[in-house]
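Worksheet for the structure shown next.
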Amino acid sequence: RSENEPRGKYDEKNIRRRVYDALNVLMAMDIISKEKKEIRWKGLPTNAHHDLDMLQKEGKFREKEVRRKRESLRELLVQQVCFRNLVEHNRKRTPSSNEDSGSGGNDEKIPLPFIVVNTHNSAVIQCEMSPDRTDVMFDFSLPFEINDDNTILKRLQMDKATLPVLQEMLPPDMLQYCQEHGLVDTILVPEEGQQQQQHGIPPHPPSAHMPAESGFE
């Protein structure tokens, strides 16, 4: 600033420059808009829309996780019911001490674990076993199917139980949750008295539902 320049004029130029700088910053942040000499206030920057999108995505992810965990819980319930019915099935086929141990009752038991290999009866199967019997190799001339024990138990209809049985197996809070969300709908079967009223036929234990021919060889 020259010595002859009035101080007031210098201060005014300095203020104008600072105001212009501030306006440029506000326009760059999309807080204000400027058209010619008119300046309009647009509002302070906000992350509301971004936060809302993030919350919606998080909500969808959580809902998906809840559905996945419910399905896992349902599968675990079915598995536990299958195992319980299998234990009951095997227990009924255990000969008592006063029965002849050679009656062949133990042959009807179903051991765990196991797999079932299913193919056409005309298929040619070559089987090789390692000397230590830890590896078995099969060669099928036709398509084949392999099922684990859980799948077979379901096919034998061992995945069914009455409400009193589930009440013995599960804590009350868990059973109530499973009922509210339909996790036991495919498991529950009527009790004996209800079966007679609905169908007019005597009920059968889970083991009696086993088909005579399972189709597996």
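The values are calculated or read from the model by the stated rules, or taken from the named source; none is laboratory data. Computed from a prediction, not measured in an experiment: that's the story for all the values here. Heads up, the Cβs are rebuilt from the backbone with ideal geometry, glycines too, and the neighbour counts pull from every protein chain shown. Just the protein is used for accessible areas: all its heavy atoms, side chains included, with ligands, DNA and RNA removed. Shrake-Rupley method; radii C 1.70, N 1.55, O 1.52, S 1.80 Å.
Between Glu12 and His50, 0.36 nm times their residue separation minus their Cα-Cα distance comes to what?
9.5 nm
Taking R0 as 45 Å, what FRET efficiency do you get between Met137 and Arg91 from their Cβ-Cβ distance, rounded to the nearest 0.05?
E between Met137 and Arg91, to the nearest 0.05, is 0.80.
Please give the per residue accessible area of region 38-88, computed with a probe of 1.4 Å over protein heavy atoms only, in Å².
That works out to 83 Å² per residue.
Tell me which lysines have Cα within less than 30 Å of Lys13's Cα, excluding those fewer than 8 residues away on the same chain?
Of all the lysines, those that pass the test against Lys13 - Cα under 30 Å, at least 8 places apart if same chain - are Lys34, Lys36, Lys37, Lys42.
Report, in debye and to the nearest 20, how large the dipole of region 18-85 comes out about its Cα centre when Lys and Arg carry +1 and Asp and Glu carry -1 on their Cβ.
240
Please work out the FRET efficiency for the pair Asp30 and Phe61, using the Cβ-Cβ distance as r and a Förster radius of 35 Å; give the result to the nearest 0.05.
Result of the calculation: an efficiency of 0.70.
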